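Colleague: Encoded as structure tokens, here's the structure I'll be asking about.
The values are calculated or read from the model by the stated rules, or taken from the named source; none is laboratory data. Keep in mind it's a predicted model, so treat the numbers as computed, not measured. A quick note on method: Cβ atoms are made from the backbone with ideal geometry, for glycine too, and the neighbour counts reach across all protein chains shown.
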Amino acid sequence: MTESNNMLEIKGLTIHYVTDDGVVRAVNDLNIAIGRGESIGLVGETGAGKTTTALGILKLVPNPPGKIIDGEIFLDGEDIIKKSEPEMRKIRGNKVSMIFQDPMTSLNPVMTVRDQIAEVILLHEKMPAAKALEKAEEMLMKVGIMPDRAKDYPHQFSGGMRQRVVIAIALACSPELLIADEPTTALDVTIQAQVLELMKNLKEEFNTSMIMITHDLGIVAEICDKVAVMYAGSVVEYADKLELFKNPKHPYTIGLFNSIPDIGNDVESLKPIKGLMPDPMNLPTGCPFHPRCDKAKPECSEKIPAGYDIGNNHIVKCILFNQ
Amino acid sequence: MIYVRDNKKYSTDPDRLRCKLFGYATKTVGDKILSNVKVGTGIIPSIKKKSMFSVILRTVIKSKTAFAGLIIILLLILSAIFANVIAPPVFDDRLGDYLPSWSRQDLNNRFQQPNMEFWFGTDNFGRDIFARVIHGSRISLQVGAIAVSISAAIGVMLGAISGFYGGRCDNVLMRILDMALAIPNILLAIAIAAALGPGLINVMIAVGIGGIPGYARIVRGSVMSVKEQEFVEAAKSSGATDATLIFRHILPNCMSPVIVTMTMGLGSAILAAAGLAFIGLGVSPPSPEWGAMLSDGRRFMREFLPMVVFPGGAIALVVLGFNMFGDGLRDALDPRLNQR
């Protein structure tokens, strides 16, 4: 793969939070590549570093305490780690935009939704305010909100409609990359389906690449092309969606699938992964998963495994696949 | 046609209808229900959305004291606007010209008790006290409004910068403001007024500067809590500059305590201005400033009360009005006391 094919390429990204109690190693040596128009699912437990990765791509990791220690993030072939703050502002919302988890809190309560959409447009495109407002109403229509609600405030909308507004804001400048941080967690199931459907359609319409952060494998199956499974701050398995769902390799991924109830297979009890996610302040040596792994070998605790390509662009970060 | 949904009747008047959802159409003859049909695209009425302003206004009006305060404030504003209508210029026979009612002296009519011609009586120069009190409301309102604007504008800016950037900038700014806060407000105003000399504008500046630290503290606290909220991060992630973040996203969400403080502050600014005028540091004597009138009347207090009672009463009433209204406004704006 050459760089020009990839919208985004993250190499060896490491983000630490330096606190008084110690160093939280939130993201460790993370590698992902996303092609144009492709969507990738970032799956993992709470605290696996998914959101920190997303903030890292926007260079919005709260500093202090957060700090990007190492790594390169190529957006369109340019390393954004080296970019200055004004340059980053031009990227945020314009080339890369983000949808936050909770639509209840991610809209400004004292601005009408139309103004909030128009604001993003005005930040990035030179046009008269009246035209921006018109475009904002157009965006609202695209996400299925009639323009007669445009002058309403966020508190007058339901959760699902607010998330639609958030999506409209995120897509207002036709970004090349959309980061969705658990966009449907705060919504109920029927609304989830609507919002996902909407995102899928708009993604195709705008030809946007997407990073979908979630812990719901169902959403991944619905919307993504590729999946990256994260554990303790790094990607442990990375593959095409079908490949991963049919043929999971990493013991953690297998454990994840075993933790989901399956209606076709009547089992008495689910098989949860034993133990807990390690404390990111005190990660185990070697493979971070080895204390919980059934197939752990003595050497697992000695060195961090590299990512092994087992064919079909299926990368597994586990010593078992070192041929 | 009438739709019935949840046992409530709704007309199909398009003004009251907004979104089309499911509903039940009921056909009735008298009390007898003929059919109750579920319609796929029934109609629900638009939810009447109350604007924040009307909610606040209703809460304020519901409280008797706040409403009384509002009336007093409205009276003050009206008397300031229509001072020349309420107390028009008087024709002076000796000069053959119209003179402002508040400054026209009539030495034959000194120390008149309140009567039909002079409602509040006349003072030691034979000036109409009623006209002076009415015209004084202009000065008081002007001083109050401008002084509060000065302190709010500067205080909000300092508080926003200090709260938003935090760190060293916050520390330096806040310590300086702490020093100012350690000096009692009126003392600070006296010192500044003494340094600047008497005069209307100087009073405004003196009273205004005294109020800055209070606003800065309030705003700093609100900014610090609002800037942690997710919508600020969302705005940041869409490329907003610091100025956009502060002025469009954070400050508008910090306004309710500032509005309450400004309302209360108007009362105390008027009081402070009157106090300065009383000790001779404020507006110079011929103007009908309430504090200055009080100061003039003090000499005749034992023999002639009206010169003290009416300007003093005006000050007390106005300050009371602003405080009662401010209290009501605080209750209306405080989400914890939300009983709408």
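Colleague: B:Glu228 fails exactly one of the following numbered conditions: (1) crowded, with 19+ Cβ neighbours inside 10 Å; (2) within 14 Å of chain A (Cβ to nearest Cβ); (3) free of Cβ contacts under 8 Å to residues at least 60 places away in the same chain. What is the number of that condition?
Modeller: Result: B:Glu228 fails condition (1) only.
Colleague: Look at segment A:122-173 and say how many of its residues are of a type outside the set (Asp, Glu), more than 10 Å from every other protein chain (Cβ to nearest Cβ) and on the phi < 0 side of the Ramachandran plot.
Modeller: 31
Colleague: Related question: I'd like the residue in segment A:282-323 that is β-branched (Val, Ile, Thr) and surrounded by 15 or more Cβ atoms within 10 Å (Cβ to Cβ) and, out of all such residues, is farthest from A:Lys246 (Cα to Cα).
Modeller: Ranking the qualifying residues of segment A:282-323, first place goes to A:Ile304.
Colleague: Does segment B:74-84 contain any residue that is in contact (Cβ under 8 Å) with a residue 60 or more places away in the chain, in contact with a Lys or Arg (Cβ under 8 Å, 6 or more places away or on another chain) and under 26 Å from B:Met301 (Cβ atoms)?
Modeller: No, the conditions are met nowhere in segment B:74-84.
Colleague: Taking strands (runs of 3 or more DSSP E) that fall entirely within segment A:1-63, which contain at least 1 residues that are under 15 Å from A:Ile81 (Cβ atoms)?
Modeller: A:6-19, A:22-35
Colleague: Among the residues of segment A:195-202, is any away from every other protein chain (no Cβ under 13 Å), within 15 Å of the chain's Cα centre (by Cα) and not in a helix (DSSP H, G or I)?
Modeller: For segment A:195-202, residues away from every other protein chain (no Cβ under 13 Å), within 15 Å of the chain's Cα centre (by Cα) and not in a helix (DSSP H, G or I): absent.
Colleague: Starting from segment A:100-112, take each residue that is facing chain B (nearest Cβ under 7 Å) and list its partners that are among the small types (Gly, Ala, Ser) and surrounded by 20 or more Cβ atoms within 10 Å (Cβ to Cβ), counting only C-beta distances under 6 angstrom and pairs at least six apart or across chains.
Modeller: So the pair list comes out as A:Phe100/A:Ser106; A:Phe100/B:Ala234; A:Ser106/B:Ala234.
Colleague: Looking at B:Ser295 and the list (1) without any contact (Cβ under 8 Å) to a residue 40 or more places away in the chain; (2) within 14 Å of chain A (Cβ to nearest Cβ); (3) assigned to a helix (DSSP H, G or I), which single condition is not satisfied?
Modeller: Unmet condition: (2).
Colleague: From B:Gly167, B:Gly197, grab the single residue that is more than 26 Å from the chain's Cα centre (by Cα), within 14 Å of chain A (Cβ to nearest Cβ) and surrounded by fewer than 23 Cβ atoms within 10 Å (Cβ to Cβ). Quick ask: steps written out before the conclusion?
Modeller: Values: B:Gly197 fails: within 14 Å of chain A (Cβ to nearest Cβ).
That would be B:Gly167, the only listed residue that is more than 26 Å from the chain's Cα centre (by Cα), within 14 Å of chain A (Cβ to nearest Cβ) and surrounded by fewer than 23 Cβ atoms within 10 Å (Cβ to Cβ).
Colleague: Scan (1) facing another protein chain (nearest Cβ under 10 Å); (2) buried (at least 19 other Cβ atoms within 10 Å of the Cβ); (3) not in a loop (DSSP other than H, G, I, E, B) for the single condition B:Pro213 breaks and write down its number.
Modeller: (1)
Colleague: Another question, then. Across segment B:241-268, which residue is nearest to the other protein chains (Cβ to nearest Cβ) among those that are assigned to a helix (DSSP H, G or I) and among the hydroxyl-bearing types (Ser, Thr, Tyr)?
Modeller: From segment B:241-268, those assigned to a helix (DSSP H, G or I) are B:242-268; that's our starting set.
With among the hydroxyl-bearing types (Ser, Thr, Tyr) added as a condition, the list becomes B:244, B:256, B:261, B:263, B:268.
On the way: B:Thr244: 7, B:Ser256: 10, B:Thr261: 18, B:Thr263: 19, B:Ser268: 28 Å.
Top of the filtered list is B:Thr244.
Colleague: Please state which of the following conditions B:Ile270 fails to meet, knowing it meets all the rest: (1) modelled with pLDDT under 90; (2) within 22 Å of the chain's Cα centre (by Cα).
Modeller: Evaluating B:Ile270 over (1) modelled with pLDDT under 90; (2) within 22 Å of the chain's Cα centre (by Cα) leaves (1) as the failure.
Colleague: For the structure I just gave you, tell me whether A:Ile167 is out of contact with any Cys (no Cβ under 6 Å at 6 or more places or on another chain), at pLDDT below 85 and either among the charged types (D, E, K, R) or assigned to a helix (DSSP H, G or I) (or both).
Modeller: So A:Ile167 fails the test.
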